Amino acid sequence: MLECALRDDQDFSITNRFRYSAYGVIDEDASNKARGRFNYVTSAFLRQTPDNGSTQDNLSVPELNALLSQRKSVPCKVVITAYGYKPYYSNTMNIPTADLLREINKPE
C-alpha cells in the first residue's frame, strides 16, 4: 500500500490517521520490464478523514488544487502489514505535487 500525507502531518505510524491523505495499491508496470526497468503505478484514493478515522470523504478537484498548490512535494511511504508482524515502512519518497496536479486536472 502506498500512503501519502497531503498536509504537514508526517506521522506514518499505524495508529495515526492523516486528515488529508492518498492511499493506493501498488502494481507493477510491466511495459518497461523487458528493458530491465522496474516501474510501478498506483491508483490512489485522495481523501479527507475527519474525526480521527470515523468517516472518510473523497476530495474534490478544487479541494485537491487548494491543498497541493502551495506545496512542492508530498511525502509518501510504502506500508506493508502482515498479521503477527510489525508493519514495514519504506523510506520516505517525496512525490512532486506538479506531477499530482497534472494528473488530477486532466480532462476526463
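The values are calculated or read from the model by the stated rules, or taken from the named source; none is laboratory data. Here the structure is a predicted model, which means the values were calculated and not measured. With ideal geometry, Cβ positions are generated from the backbone for all residues, glycine too; neighbour counts draw on all protein chains shown.
Within the option set Lys77, Lys72, being among the basic types (Lys, Arg), at pLDDT 90 or above and in contact with a Leu (Cβ under 8 Å, 6 or more places away or on another chain) holds for one residue only, Lys77.
Asp99 meets each of the listed conditions (1) surrounded by fewer than 12 Cβ atoms within 10 Å (Cβ to Cβ); (2) touching a Phe, Trp or Tyr at 6+ places or on another chain (Cβ under 8 Å) apart from (2). Which one of Asp8, Asp57 is of a type in the set (Asp, Glu), at pLDDT below 90 and either exposed (fewer than 13 other Cβ atoms within 10 Å of the Cβ) or closer than 16 Å to Ile104 by Cβ (or both)? Result of the check over Asp8, Asp57: Asp8. Residues of segment 27-45 that are farther than 16 Å from Asn94 by Cα and either part of a loop (DSSP other than H, G, I, E, B) or of a type in the set (A, V, I, L, M, F, W, C) (or both): Ala30, Ala34, Gly36, Arg37, Phe38, Phe45. Scanning segment 46-66 for residues being in contact (Cβ under 8 Å) with a residue 24 or more places away in the chain and either assigned to a strand (DSSP E or B) or under 11 Å from the mean Cα position of the chain (by Cα) (or both) gives a total of 3. Filtering segment 45-57 for residues that are within 20 Å of Leu101 (Cβ to Cβ) and of a type in the set (S, T, N, Q) leaves a non-empty set. The set of residues from segment 61-94 being surrounded by 11 or more Cβ atoms within 10 Å (Cβ to Cβ), over 19 Å from Lys106 (Cβ atoms) and of a type in the set (A, V, I, L, M) comprises Val78, Val79, Ile80, Met93. When residues in segment 67-108 are screened for being within 13 Å of the chain's Cα centre (by Cα) and assigned to a strand (DSSP E or B), 11 of them pass.
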